[in-house]
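The values are calculated or read from the model by the stated rules, or taken from the named source; none is laboratory data. Note that this is a predicted model, so its numbers are computed, not measured. Cβ atoms come from the backbone with ideal geometry, glycine included; neighbour counts cover every protein chain shown. Protein only, heavy atoms only, side chains kept; ligands, DNA and RNA dropped before computing areas. Shrake-Rupley method; radii C 1.70, N 1.55, O 1.52, S 1.80 Å.
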Amino acid sequence: MDTIDMYGPPDARVRPPALKLDRRAIPWWMLRNLLLCGIPLTGFIVAAALWEPLRVWLLAPTIVLAVLLLVKVALEPFWRFRVHRWEVTERATYASSGWLVAEWRVAPTSRIQTVDALRGPLEQLFGLSTLRVTTASSHGAISIRGLDRAAAEEAAARLAIVAELEEGDAT
């Protein structure tokens, strides 16, 4: 009696993604976090400096925000770079992301509805891009942030071609 490999051929197995993000994602995350936490921290410090009665009330939030800024600039980008992975094959798009809560997602190519390569202002500054793959899933799109601009555009073009060849109604 023949046995059936319930995991399928090696190229069809669900597995962790293999490719790392571009190293420029690290300074991009640093700058983004610096802006997100640094601007409010600066506001707290200016308010405390200008209004003496507020100093005692702003001390604790200022310290908390300063520690958060330190963590988000000095630790988070490096941890994210270690965790974030991606891969696009003819069968699926794979992505793992997160830093406090790790997420691993797989989008079968037959379920792809749209593919976008996006670049925000900071991403453009660093030559990076985001690949967003929208499927018929209720969970939403897979967004792979921190890719080299050319790699994201090539992956988007390749996925668009492969998704057109797949049979199915993407539902």
Note on segment 130-153: residues in contact with a helix residue (DSSP H, G or I) (Cβ under 6 Å, 6 or more places away or on another chain) and under 13 Å from THR109 (Cα atoms) are THR135, ALA136
The condition from (1) out of contact with any Lys or Arg (no Cβ under 7 Å at 6 or more places or on another chain); (2) part of a helix (DSSP H, G or I); (3) surrounded by 16 or more Cβ atoms within 10 Å (Cβ to Cβ) that ALA48 misses is numbered (1)
A careful count of residues in segment 88-131 that are open to solvent by 30 Å² or more (accessible area, probe 1.4 Å), within 16 Å of VAL162 (Cβ to Cβ) and in a strand (DSSP E or B) gives 7
The one condition GLU76 fails out of (1) over 30 Å from ILE161 (Cβ atoms); (2) of a type in the set (Asp, Glu); (3) open to solvent by 50 Å² or more (accessible area, probe 1.4 Å) is (3)
Per the list (1) in a strand (DSSP E or B); (2) at pLDDT 95 or above; (3) open to solvent by 30 Å² or more (accessible area, probe 1.4 Å); (4) of a type in the set (A, V, I, L, M, F, W, C), residue check on VAL67 breaks on (1)
Residue pairs within 7 Å by beta carbon, gap of at least six or interchain, first lying in segment 133-150 and without any contact (Cβ under 8 Å) to a residue 60 or more places away in the chain and closer than 19 Å to PRO17 by Cα, second open to solvent by 50 Å² or more (accessible area, probe 1.4 Å) and outside any loop (DSSP other than H, G, I, E, B), listed first then second, are THR134/GLN113; THR134/THR114; THR135/ARG111; THR135/GLN113; ALA141/ARG132; SER143/ARG132
Counting only residues in segment 118-155 that are under 19 Å from TRP99 (Cα atoms) and of a type in the set (S, T, N, Q), the one nearest to the chain's Cα centre (by Cα) is identified as SER143
